Amino acid sequence: EIYHQPRNLFIASFIGSPEMNFIEGDIVKRLPWKEAQSGNNILGVRPEALKISQGPLEPNEFEVGSYQIELSENLGGQQMLHGSLEGQNVRMLADSSYKFSKDEKVQLKIDLTKSHLFDKSTGLNKRL
């Protein structure tokens, strides 16, 4: 439960490996959650909840924007992609069969059911 539903930023920041991504700015304001429209918020999303957007979105998915791949780290059956999403460092997991090149740009989507919205001032998860 702590991994899947962290109550606050502090817990979310140290539970899990690789660590959760914390995203701020316009991306957060575009989320389809009413809680995201007010206040100063941070989107928390784990690397495995990010996917390359190809084709139509599922009802629980949301396209977050253009991701520039900077590094691909082979982990065997998966690869850890390190890159930039609207100027912010973001890590994501992808199948190792995909071949990416440095500076390649792809569209990213998130699984909204595995994403979190934290209040920046209190640190509390607004989606619980």
- Set of aspartates and glutamates with alpha-carbon distance to Lys120 below 12 Å, sequence-local pairs under 8 removed: Glu24
- Item | Candidate lysines for bridging to Lys99, where Cα separation is under 21 Å - those fewer than 8 sequence places away on the same chain excluded | Lys51, Lys109
- Convex hull volume per residue for segment 80-121, taking Cα atoms only, in Å³: 104 Å³
- Message: So if I restrict to the alpha-carbon atoms in segment 1-40, what is the Rg, and what is Dmax, the biggest pairwise distance, in Å?
- Response: 11.8, 30
- Task: Please work out the C-alpha center-to-center distance from segment 86-105 to segment 24-58 and express it in whole Å.
- Result: 17 Å
- Task: At 7 Å along the Cα-to-beta-carbon direction for both Thr113 and Glu73, put a label point, then send me their distance in nm to one decimal.
- Result: 2.8 nm
- Query: Percent of accessible area on segment 25-95 owned by carbon and sulfur, 1.4 Å probe?
  - Reply: 48 percent
- What is the distance, in nm, between label points placed 7 Å from the Cα along the Cα-to-Cβ direction at Lys102 and at Lys29? 3.5 nm
- Note on the structure: Against the 2.2 N^0.38 Å rule of thumb, the C-alpha Rg of the chain sits at a ratio of 1.02
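The values are calculated or read from the model by the stated rules, or taken from the named source; none is laboratory data. Keep in mind it's a predicted model, so treat the numbers as computed, not measured. Don't worry about glycine lacking a Cβ; one is built from the backbone with ideal geometry, like all the others, and counts go over all protein chains shown. Surface accessibility is based on the protein's heavy atoms, side chains included, excluding ligands, DNA and RNA. Shrake-Rupley method; radii C 1.70, N 1.55, O 1.52, S 1.80 Å.
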